[in-house]
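The values are calculated or read from the model by the stated rules, or taken from the named source; none is laboratory data. Predicted model, so just to flag it, every value in this text is computed and none were measured. Quick reminder, even Gly has a Cβ in these numbers, built from the backbone with ideal geometry, and neighbours come from all protein chains shown. What goes into the accessible areas is simple: the full protein's heavy atoms, side chains included, and nothing from ligands, DNA or RNA. Shrake-Rupley method; radii C 1.70, N 1.55, O 1.52, S 1.80 Å.
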Amino acid sequence: MDRVQLLAQAYSQAPWRRQIQIIGAFLLALVTVWVIAAIYLDVTARAATIGREIQDMQVRSGGVLRIDVQKDYEPTSIEELEQYNASLQLRLANLTSDANMAERAYDMGFRPAEPGGIVYIVVPDYVPQQPVTLAPPPGPIANNTPIITSAYKESLVDWIKDQLFQASEILKGSQP
Amino acid sequence: MKIEHDRRYLLLAAIFGVVALVIGVQLLRLQFSPEADAFRAQAKLYEKELHVYSPPRGEIYDRWGNLLAGNKIVYEVGIELTLVENPETVAFALSKALLGHEEYDQSTYYSEVFAIASLEPVTRTYWAVADYVTEEEVATLKRWAEEYQVLYAGQTSKDAPLPSLRGLVYRSHLMRSYPENELAANIIGFVNRKGEGYGVEMKFDEMMAGASEAIWILRDPNKAENMPRVEQGVDLILTIDRQIQDTVEEILDQAIDVNGAEGGVIIVLDPKTGEIIAMATTPRLDLNEYWKFGQVYPSGTPFNPAVSEDYEPGSVFKVLTMAAALDNETVTPNTEFYDNGVFEIGGITIHNWNYGAWGPQNMQGCMQHSLNVCLAWIASEMGQNDFYRYMQAFGIGHLTGVDMAGEVSGRLKIPGDDDWFESDLGTNAFGQGVAVTPLQLVSAISAVANDGKIMAPHVLRAFVDRGYQYTVPPQVVRAPISAETAKILSDMLAASLEEEASDALVEGYRVAGKTGTAEIPTPLGYTSGETNASFVGWGPVDDPRFVVYVWLKKPSSSPWGSVVAAPVFRQVVERLVVLMNIPPDDIRQALTSQ
């Protein structure tokens, strides 16, 4: 009994210990909150940055470019890249147009072949030129999978919920 | 000392507390203040933006994958009123940069732009002031904007704003462009901004345009979502061979020039598939300047005479009459006919082209000398029912269903029609009193080159939709005559050309064909003295790879098809056999037998 009293007295006689415990607990809570807040902020900021990048890839924000600011046109969004691709394809077609190719061939000394000037020979397994195929023939229909996966959209809480749901489904015996 | 510290702490805590309280109160006040709704509305305004996504229009290729119709970037130029510093400079620069545009090269354009640039941004901040501005014009505006910035850097003015192009903005979109300019313009066609047009562009407009979709894009980056899948425009692959088309157009232009013709048509068709390999017509429009349509095609001029203009074909039509009679067994190649130069039917007298009598003839002679009297006799022997049944089976008077806009059906009067008379049987037999389009005729005659079968004529070879290529299979439309009849007639017409030493003959290749010289009717009858000269032929006779149809309108050098159209056929075939890799008959037969 005396020993218990002695111990109680010893602790009660040292109030700074109690203060340190309170301050320590407070600081621990504070640091915990700060760490969680920092992680949350980091994740949110990164998600927002990636979200913005995705949006910029989809369409140009604001939709217009300023004549006095944007000196060089750089396609950024999917739509602009599609336009740019189409434009490059057209430029290539202009360079290889029938008139241009004929002129270049003529400049290089080529002349149209005459029927009498052609020698025909048998080439085994020769496959004559076939009309163009720009895409494969129709096949099985591809799955309509979302382009942006859930990893880029869900929050930490969503992820935890999802994991818990999947775990519970596994425990129930059903497939996730 | 400790009390002093406590007071300071308390004071600091009180200050923070008051600040927090003020913030809290202000937040609450804003939530319930009269302006709260306005703030919420403003927030909603910036929450998302509407974006109209227009997928690129489908492209058009020739059979080898050469681009015939594509898209290029052009710009819409607008004014962002919140940024404008000097409306005068903006209006001046824009009106000067766009001098090349007919619609903006007007005295009022400067004042219109100035008025817009001077507006206050009250209800809206963006105004579009020009469209279809080229890359070069935008580059010019950028260069001027930079020059103004350099020139007036660091300067200020109290009286008037310094020159600046601030506020001028642009956004890109696509515009149709044709890298081959006039080449195959009559086939490709165009669609104007009102949605009207011609050719395959018009025929397949809905497929190629894709579906524009208005999409709300949320500005909150945490709410980035998948873009909805917008239906892309379908790409078309045509049956046209770019090089053959170019060659045929060149030959046609030369022929018109040399023969002083008013216009012309040349069609090259694959009789085994119905694929149109080339189709040259005049006049032709540079599709990149489709707005000059009215200048190129004066009122009433068809855009593509090959499918949109019908005319009396004349003697080339005799091929169909003879095919019907042989198939119907009314005549055989050896049937004898004594030509005394006249034949009476339905109260009219039919003469030959030279008003002469050609004496005893077999059927080959009738075709070789193009005897109207003989063919009218054949039709009368067949009888009206059989004759018109065959003509309808050949598709005369019916649309071919070709996949180009603006096709007309021509006219075949048949017994029972108010304006049909018995004499029509005699005149129709040699191509008078019947109206056909060039494509209709070449399609009908292709049966003779394809074992009696007519394939559906078409220019669409395949289309690419959602990543897959769908090929259009050749389709048999009808088989008006038997394969045996087709072979007999083909040989008969080849022999006719050979015996006649026709200008249509091509060295090394056996071809069959028939000339046509059709007087052009006027309201008073066949009195104009003007003709339509034509020739239809195919080859090689033992394995036809092409049917070529030539039509020259009102040639002035000579009225006869044998003089003006037959040599054009030869020129076309001499190029075709090279471009289509067709060896001369003897080499081909030797190679085949190996």
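General observations
- Residue identified as closer than 19 Å to B:PHE303 by Cβ and β-branched (Val, Ile, Thr) among B:ILE240, B:ILE215: B:ILE240
- Selected residue (only one of A:ALA102, A:ALA113, A:ALA93 is surrounded by 14 or more Cβ atoms within 10 Å (Cβ to Cβ), within 7 Å of chain B (Cβ to nearest Cβ) and at pLDDT 85 or above): A:ALA93
- Condition met for B:ASN372 (within 43 Å of the chain's Cα centre (by Cα), of a type in the set (S, T, N, Q) and open to solvent by less than 10 Å² (accessible area, probe 1.4 Å)): no
- Residue check for B:VAL22: more than 60 Å from the chain's Cα centre (by Cα) and among the β-branched types (Val, Ile, Thr): yes
- Checking B:LEU119 against (1) hydrophobic (A, V, I, L, M, F, W, C); (2) in a loop (DSSP other than H, G, I, E, B); (3) buried (at least 21 other Cβ atoms within 10 Å of the Cβ), the condition it does not meet: (3)
- Only a single criterion out of (1) surrounded by 13 or more Cβ atoms within 10 Å (Cβ to Cβ); (2) modelled with pLDDT of 85 or more; (3) in a helix (DSSP H, G or I) is not satisfied by A:GLU79, namely (2).
- The residue list B:ARG63, B:ARG57 contains one member that is charged (D, E, K, R), open to solvent by less than 40 Å² (accessible area, probe 1.4 Å) and at negative phi, which is B:ARG63.
- Residues in region B:353-363 that are more than 20 Å from B:TYR390 (Cα to Cα), open to solvent by less than 50 Å² (accessible area, probe 1.4 Å) and modelled with pLDDT of 90 or more: B:GLY359, B:GLN361.
- In a residue-by-residue description of region B:56-77, the property of being under 20 Å from B:TYR148 (Cβ atoms) and out of contact with any Phe, Trp or Tyr (no Cβ under 9 Å at 6 or more places or on another chain) applies to no position.
- For region B:466-481, the tally of residues that are in contact with a helix residue (DSSP H, G or I) (Cβ under 8 Å, 6 or more places away or on another chain) and either within 13 Å of chain A (Cβ to nearest Cβ) or surrounded by fewer than 15 Cβ atoms within 10 Å (Cβ to Cβ) (or both) stands at 0.
- Members of region B:513-535 that are farther than 30 Å from B:PHE546 by Cβ and among the aliphatic types (A, V, I, L, M): B:LEU524
- So B:GLU262, is it open to solvent by 60 Å² or more (accessible area, probe 1.4 Å), in contact (Cβ under 8 Å) with a residue 24 or more places away in the chain and of a type outside the set (Val, Ile, Thr): yes
- Only residues that are of a type in the set (D, E, K, R) and more than 12 Å from every other protein chain (Cβ to nearest Cβ) were counted across region B:157-187, and they come to 2.
- So B:LEU439, is it open to solvent by less than 50 Å² (accessible area, probe 1.4 Å), in contact with a strand residue (DSSP E or B) (Cβ under 9 Å, 6 or more places away or on another chain), at pLDDT 95 or above and under 30 Å from B:ALA211 (Cβ atoms): no
- Of the residues contained in region B:185-202, one or more are found to be on the phi > 0 side of the Ramachandran plot, crowded, with 17+ Cβ neighbours inside 10 Å, part of a loop (DSSP other than H, G, I, E, B) and out of contact with any His (no Cβ under 6 Å at 6 or more places or on another chain).
- Taking each residue of region B:49-74 that is at the interface with chain A (Cβ under 7 Å from one of its Cβ atoms) and of a type in the set (Lys, Arg) and looking for partners that are in a strand (DSSP E or B) and open to solvent by 30 Å² or more (accessible area, probe 1.4 Å) with beta-carbon atoms closer than 9 Å, six or more apart or interchain, yields B:ARG63/B:ARG461; B:LYS72/B:LEU174; B:LYS72/B:MET175; B:LYS72/B:ARG176.
- Taking region A:36-55 as the range and being open to solvent by less than 60 Å² (accessible area, probe 1.4 Å) and more than 9 Å from every other protein chain (Cβ to nearest Cβ) as the test, the residues that pass are A:ALA37, A:ALA38, A:ALA45.
- B:GLU103 within 12 Å of chain A (Cβ to nearest Cβ) and either in contact with an Asp or Glu (Cβ under 8 Å, 6 or more places away or on another chain) or over 30 Å from B:THR239 (Cβ atoms) (or both): no
- Across region A:13-35, the qualifying residues are those that are open to solvent by 90 Å² or more (accessible area, probe 1.4 Å) and of a type in the set (Val, Ile, Thr), and the one among them that is farthest from the other protein chains (Cβ to nearest Cβ) is A:ILE20.
- For first residues located in region A:152-170 and open to solvent by less than 90 Å² (accessible area, probe 1.4 Å), partners that are small (Gly, Ala, Ser) and modelled with pLDDT under 85 and lie 6+ apart or on another chain with Cβ distances below 9 Å form the pairs A:ASP158/A:SER150; A:ASP162/A:SER150.
- Cβ-Cβ distances below 9 Å connect the following pairs, each with a first residue in region B:141-156 that is more than 7 Å from chain A (Cβ to nearest Cβ) and in a loop (DSSP other than H, G, I, E, B), a second residue that is surrounded by 10 or more Cβ atoms within 10 Å (Cβ to Cβ) and of a type outside the set (Phe, Trp, Tyr), and a separation of six or more residues or different chains: B:TYR152/B:LEU162; B:TYR152/B:PRO163; B:TYR152/B:SER164; B:GLN155/B:LEU162; B:THR156/B:LEU162.
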